[in-house]
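Worksheet for the structure shown next.
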Amino acid sequence: MNEQELQNLRQDYTAATLTEKEVKQDPIRQFDKWFNDAVASQIHEPNVMTLATATHDGRPSARIVLLKGFNNEGFMFYTNYLSRKGKELAKNPLASAVFFWGELERQVRIEGTVEKLSREKSEEYFHSRPKGSQIGAVASPQSQEIDGRKELEAKVAELEAEYADKDIPKPSYWGGYIIKPRLFEFWQGRSSRLHDRIVYKKVDNKNWKIVRLAP
């Protein structure tokens with residue numbers, strides 16, 4: 001594809017609108033509504049989110065992770081604490097998450113602080129996963145260089161034999177995080193790029209200020 005063809009790739013959005021009057025006063029409730037809409041629309045993996053972190057000196061990185069829970073406190077995901085994102089969060093506990101549901105022409109952006117979930121919560125989730133996923137979490141030194149895939153496969157085979165008839169303990173280097181939001185942006189695609197952008201800014205522990213941004 002040449003540059004001109006790439007520049008001509010565009011989509012006009014006409015599916016819905018979003019106004020200050022129709023959104024919930026609580027952004028978690030608004031997210032819950034939109035998330036349920038995405039599930040009802042049978043969007044493939046509606047819990048996929050882009051997670052952006054940064055080093056202590058501001059060098060950003062982003063990747064896809066899966067949302068594994070949300071409540072009034074925030075948004076939860078699980079990973080290896082020694083991965084790149086884990087190391088970045090240890091020194092700079094701030095993150096942004098983005099959900100894009102193209103079929104609904106919607107996007108949600110969340111910014112906030114990040115904390116580790118309790119060991120008990122991480123244990124509970126770890127042991128709810130399929131055994132193969134548990135073994136994968138133990139076997140993989142996430143984000144570290146390895147000599148080849150055979151090294152990884154050999155470790156998996158070793159663990160499968162070791163834990164064939166017993167539970168796999170959660171490794172100390174694996175667990176959950178929660179993003180505690182300070183800002184939400186709900187984006188609804190509109191025609192001619194005049195998109196609706198409704199932002200919630202946290203005022204205090206309970207209240208949010210709702211504003212509209214220019215597209």
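Figures for the structure shown
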read-out	value
Residue that is out of contact with any Leu (no Cβ under 6 Å at 6 or more places or on another chain), over 26 Å from Val98 (Cα atoms) and not aliphatic (A, V, I, L, M), where the choices are Lys121, Lys131, Lys209	Lys131
Test set (1) under 30 Å from Ala164 (Cα atoms); (2) surrounded by 14 or more Cβ atoms within 10 Å (Cβ to Cβ) - Glu111 fails condition number	(1)
Members of the stretch 128-183 that are among the small types (Gly, Ala, Ser), surrounded by 12 or more Cβ atoms within 10 Å (Cβ to Cβ) and not in a helix (DSSP H, G or I)	Ser140, Ser143, Gly175, Gly176
Out of Val65, Val23, sole residue that is at pLDDT 95 or above, surrounded by 14 or more Cβ atoms within 10 Å (Cβ to Cβ) and under 17 Å from Glu185 (Cα atoms)	Val23
Boolean, Glu115 is assigned to a strand (DSSP E or B), over 22 Å from Trp34 (Cα atoms) and among the charged types (D, E, K, R)	yes
Residues satisfying the stated conditions in the stretch 53-91, i.e. assigned to a loop (DSSP other than H, G, I, E, B) and either among the polar types (S, T, N, Q) or over 26 Å from Pro27 (Cα atoms) (or both)	Thr55, His56, Asp57, Gly58, Arg59, Asn71, Asn72, Tyr81, Leu82, Ser83
Exclusive hit being closer than 27 Å to Ser192 by Cα, of a type in the set (Val, Ile, Thr) and out of contact with any strand residue (DSSP E or B) (no Cβ under 8 Å at 6 or more places or on another chain), set Thr19, Thr14	Thr14
The one condition in (1) in contact (Cβ under 8 Å) with a residue 40 or more places away in the chain; (2) in contact with a helix residue (DSSP H, G or I) (Cβ under 6 Å, 6 or more places away or on another chain) that Pro181 fails to fulfil	(2)
Pairs where the first residue, in the stretch 184-207, is in contact (Cβ under 8 Å) with a residue 12 or more places away in the chain and surrounded by fewer than 17 Cβ atoms within 10 Å (Cβ to Cβ) and the second is polar (S, T, N, Q) and assigned to a loop (DSSP other than H, G, I, E, B), C-beta under 7 Å, 6+ apart	Ser191/Thr14
Residue satisfying condition, being more than 30 Å from Arg190 (Cβ to Cβ), more than 11 Å from the chain's Cα centre (by Cα) and modelled with pLDDT of 95 or more, within set Glu45, Glu120, Glu103	Glu120
Scan of the stretch 106-115 for residues that are acidic (Asp, Glu) and more than 12 Å from the chain's Cα centre (by Cα), ordered by number	Glu115
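The values are calculated or read from the model by the stated rules, or taken from the named source; none is laboratory data. This is a predicted model, so every value here is computed, not measured. Virtual Cβ from ideal backbone geometry, glycine too; neighbours counted across all protein chains shown.
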